Amino acid sequence: MQDFRYGLRSLLRSPGFSVAALLSLGLGIGANTAIFTLTNAVFLHPLPVREPARILELYTVDHATQTTAANLVRTGISIANITDIARQNEAFSGVAAYFPSGLALTGFGKPSQENGFVVSPNYFEVLGVPAAAGRTFDPSEDLSGPPRPEAVVSHDFAQRVFGSDAAAVGKTINLNAVAYTVLGVAPAAFRGTLSVGPNAPIWIPLGMHSQIFTGPLERLYNERRFRFLNVFARLKPGVEERQADANLQTVAARLEAAYPKDNRGRTFESAPLAEAALGFAGPRNQTVDATVALSVAVAFVLLIACANLANLSLARAAKRAREMGVRVALGAGRARLIRQLVSEAAILSAAGGVLGIAIGWAGAKLLWAARPGFLQNAWVDLNLDMRICLFTAGLSALSCLLFGIAPVIRASAPDLSKLLSTSGRGNVQAGGRSGLRAMLVVGEMALALVALVGAGLFIRSMQRAQNINLGFETKNLFVAGVNLGALQMKPDEGREFMRALVEKVKAVPGVASASVAGGAPLQGGLMLTAFSEGDPVDSRQGVLTFAQPASSAYLDSMRIPLVEGRALNDFDRMGSAKVMVISQATARRIWPGQRAIGKRVHFATSNELYEVVGIARDSTAINIGEQPQMMAYMPFDQAYQPAAVLHVRTVGDPVRMIAPVQALNPELVLINPGSVHAVIAQALWAPRMAAILFGIFGVLGLVLAVIGVYGVMAYTVLQRTSEIGIRMAVGARQVNVMGMILGQSMKLALLGIGLGSCGALAITGPVRSLLFGVSPTDPVTFFTVAGILAATAMIAGGIPAWRASRIDPVRALGQE
């Protein structure tokens with residue numbers, strides 16, 4: 001306690017050093033804590049289920065079907081395969097399935113679109129989530145179970161609609177024009193298994209699929225090839241994940257042998273349920289890569305801060321050298337000095353940790369508050385927990401070690417005779433100590449370069465992304481989803497309704513053109529395996545293709561030009577010949593080197609042949625910057641689906657179309673209405689946020705590194721005052737002195753830039769998947785960052801050099 005009290009007084013007597021140290025540590029630890037808080041909430045925070053580590057998410061992995069949609073290699077599982085897995089496996093006590101589906105809620109004022117999960121009856125039992133009020137579904141029923149219009153609602157939904165959990169039980173709610181009885185209410189903490197994504201206020205049983213799934217989803221529901229359900233399973237007691245994976249491979253081999261047409265080349269894999277929060281493999285892998293990259297960036301910021309503190313501490317230790325000498329002369333041993341100095345470093349680290357956890361927690365909250373609209377209903381727990389506190393405590397201890405060890409070792413072993421024989425104004429520093437500070441500056445510059453290169457790559461990537469040609473015109477384009485299935489319309493009624501809706505929209509002032517299609521831009525859609533005429537379904541010639549129902553004006557509304565052939569027209573209806581327009585990528589993949597016009601294709605789920613009548617330019621289907629995707633545009637009448645997206649090309653601001661379009665039919669709920677620019681902004685949100693964060697961390701690292709260069713050179717000038725005075729007394733000019741000091745600072749900077757460039761080249765590879773049209777080794781970025789660092793280092797070293805050139809030789813020699 002005596003050491004801590006003295007250490008505290010010592011730090012209070014050096015307010016400049018203490019404030020600089022606290023700010024450096026607080027920012028470094030805070031940046032790391034902020035990123036870890038989000039990482040903890042998304043990746044490490046367990047879902048509120050029983051024994052979450054015993055639950056695995058299951059996938060189908062397709063090794064046979066050709067696809068350019070790399071994020072769809074790992075997909076869901078068909079209802080038929082799920083049934084067989086549940087019956088044949090020996091590793092799981094229960095296998096459950098779910099599928100997110102929008103639900104139109106009526107009867108409570110204005111119709112609204114609610115998030116729903118269509119689930120197997122044992123969904124809650126496998127998760128181990130009991131009802132907070134009432135009960136959940138009967139888990140003893142089959143996977144789909146009989147059609148029962150029953151629902152379980154979330155705590156938030158019960159509070160919003162009925163006022164309390166108890167009041168919701170037994171009540172009736174109208175979903176998609178069907179009355180459902182509320183069986184129970186889920187616990188307040190449980191919002192489904194997708195924490196990053198739509199939360200589920202309503203769960204309904206899969207047995208009601210015919211009332212919820214419409215169009216192709218319902219038509220293909222029982223197809224063994226149709227991989228659409230999300231699946232998870234609970235391990236039996238004593239069974240480990242590797243055993244479950246082996247058992248899944250055995251089951252997959254049996255199903256491939258039993259159903260070669262549907263399961264050839266397909267296996268099953270598992271992953272921890274915690275990963276389900278991020279969806280399927282593509283977005284998940286990008287999120288993981290971004291998190292790792294950001295974690296490395298903030299770690300570099302902390303290392304730079306610690307290097308700065310080490311330099312400051314070495315300089316402070318030099319000033320306290322006489323104090324240490326006096327202590328030794330009075331009988332203090334080295335262990336006693338080390339204990340004193342470690343106490344001071346521990347006080348700084350602890351204070352920096354407290355400040356860091358406050359900055360980190362506030363920063364994480366701020367980052368989450370800045371999330372885009374499509375994540376507004378997502379829920380993650382950003383509250384401080386033991387894991388975050390331990391992480392911050394560990395960073396504080398590591399920081400204490402990193403910035404405190406060198407000064408402690410140096411200051412605790414003073415040269416007593418030398419210290420007591422000098423006034424302390426001469427050059428009492430050993431060359432090794434100056435060399436150590438120089439090495440720290442080189443390390444700071446190297447780390448700053450790596451952080452700035454990351455920032456530069458993401459900034460250039462965002463610039464490229466803004467200019468990427470998506471294959472369609474984004475200006476003045478309005479989109480809104482509609483679901484006629486929610487109104488329980490029959491197909492003929494739905495076709496007529498869609499035609500009438502498009503004509504009404506065209507008549508609205510300010511509308512240039514209007515059309516409907518199966519999906520929205522950048523939202524993907526239904527994917528079917530396409531085969532050229534004559535290729536059997538069990539061959540390896542299948543190509544996974546986006547099957548897009550579209551009205552005749554769709555390509556014109558989207559401004560997607562035809563390359564060859566004709567567009568779809570109003571004569572392509574039910575009863576007429578089946579036709580389609582395909583993308584250039586589809587033509588190249590299915591008929592390489594051949595003319596596709598006039599060729600015919602069929603899908604794996606049907607023997608009907610579609611004739612190719614036109615080829616459209618490639619357009620982006622899912623991710624900006626993706627490989628050209630296979631697309632097939634089919635007449636909306638021939639491939640009717642009640643869930644569709646209205647596309648409206650406007651003369652002015654497309655957002656102003658929401659009210660007029662909604663007014664055409666007040667009972668029709670518009671789903672996610674808005675401009676395509678909002679959709680694009682949503683697609684670019686993650687890389688844009690990464691660019692901003694990398695920029696902040698890079699600039700922070702640059703500032704700390706420049707301060708380090710300035711501090712070392714300023715202290716060097718102070719230590720070499722006598723030498724500089726002698727040089728000037730014997731004829732050295734000011735320019736010579738400036739060149740000497742500036743040359744020394746630039747040597748350190750250039751050495752750091754060289755080492756940092758090598759490090760950046762070695763570690764920037766993992767961010768390749770996050771960049772748009774920019775190589776991780778982009779020379780423009782590397783040279784620009786190197787130039788910025790060199791220029792700032794020259795400025796930082798130039799100020800002490802200028803001061804050195806102004807030294808009065810007489811005064812300098814007089815001090816000696």
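The values are calculated or read from the model by the stated rules, or taken from the named source; none is laboratory data. This is a predicted model, so every value here is computed, not measured. Neighbour counts are summed over all protein chains in view; Cβ atoms, including those assigned to glycine, are modelled from backbone coordinates with ideal geometry. Please note that ligands, DNA and RNA were not included when accessible areas were found on the heavy atoms of the full protein model with its side chains. Shrake-Rupley method; radii C 1.70, N 1.55, O 1.52, S 1.80 Å.
Computed quantities for the displayed model
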{"read-out": "Helical contribution to [θ] at 222 nm, DSSP H n ≥ 4, -39,500 (n - 2.57), averaged over the chain, rounded to 500", "value": "-16000 deg cm²/dmol"}
{"read-out": "Relative frequency of Cα-Cα separations exceeding 23 Å in region 663-816, percent", "value": "58 percent"}
{"read-out": "Distance between region 538-575 and region 215-280 - C-alpha centres, whole angstrom", "value": "32 Å"}
{"read-out": "Positive-end residue, the chain charge dipole about Cα centroid, Cβ charges, pick of Ala681, Ala632, Ala714", "value": "Ala714"}
{"read-out": "Relative contact order %, region 138-234, counting alpha carbon pairs below 8 Å whose residues are six or more apart", "value": "33 percent"}
{"read-out": "The chain: angle of helix 386-411 to the longest principal axis, Cα-based, in degrees nearest 10", "value": "20 degrees"}
{"read-out": "Whole-Hz couplings from phi, Karplus 6.51/-1.76/1.60, listed for region 244-259; x for Gly and Pro", "value": "5, 4, 5, 5, 4, 5, 5, 4, 4, 5, 4, 5, 5, 5, 6, 10"}
{"read-out": "FRET efficiency for Leu366 and Arg559, using Cβ-Cβ distance with R0 set to 45 Å, rounded to 0.05", "value": "0.70"}
{"read-out": "Beta bridges by DSSP in region 483-635, antiparallel share as percent, to the nearest 5", "value": "60 percent"}
{"read-out": "Heavy atoms of Met489: accessible area, 1.4 Å probe, square angstrom to 10", "value": "50 Å²"}
{"read-out": "Loop-located chymotrypsin sites (Phe, Trp or Tyr not before Pro) in region 566-629 whose Cβ has at most 13 other Cβ within 10 Å (DSSP)", "value": "Phe571"}
{"read-out": "Relative contact order of region 702-816, defined on C-alpha pairs under 8 angstrom at six or more residues apart (%)", "value": "55 percent"}
{"read-out": "Within the accessible area of region 226-274 (1.4 Å probe), percent carbon and sulfur", "value": "53 percent"}
{"read-out": "Loop-resident sites, region 454-501, for trypsin sites (Lys or Arg not before Pro), counting at most 12 other Cβ within 10 Å (DSSP)", "value": "Lys475"}
{"read-out": "Mean projected area (nm²) of the alpha-carbon convex hull when region 4-127 is viewed from all directions", "value": "17.7 nm²"}
{"read-out": "Estimated translational D of region 48-204 in µm²/s (Stokes, Kirkwood radius over Cα pairs; 37 °C; 0.692 mPa s)", "value": "195 µm²/s"}
{"read-out": "Using alpha carbons only: equivalent-ellipsoid semi-axes of region 439-513, gyration tensor based, whole Å", "value": "54, 17, 9"}
{"read-out": "Value of relative contact order over the chain, rounded to a whole percent, pairs C-alpha under 8 Å and six or more apart", "value": "17 percent"}
{"read-out": "Given charges at Cβ of Lys, Arg, Asp, Glu: region 165-237 dipole, positive-most of His209, Ile173, Leu183", "value": "His209"}
{"read-out": "Principal-axis tilt of helix 676-719 within the chain, Cα atoms, nearest 10 degrees", "value": "10 degrees"}
{"read-out": "Helix 431-467 vs. the chain, principal-axis angle (Cα, 0 to 90°, nearest 10)", "value": "20 degrees"}
{"read-out": "Mean Cβ neighbour count within 10 Å, used as a protection proxy, ranking 792-805, 344-357 highest first", "value": "344-357, 792-805"}
{"read-out": "Tail weight of P(r) past 26 Å, computed on alpha-carbon pairs of region 468-583, percent", "value": "28 percent"}
{"read-out": "Neighbour-limited loop hits for GluC sites (Glu not before Pro), region 51-154 (at most 16 other Cβ within 10 Å; DSSP other than H, G, I, E, B)", "value": "Glu90, Glu141"}
{"read-out": "Convex hull per residue volume in Å³, alpha carbons only, for the chain", "value": "199 Å³"}
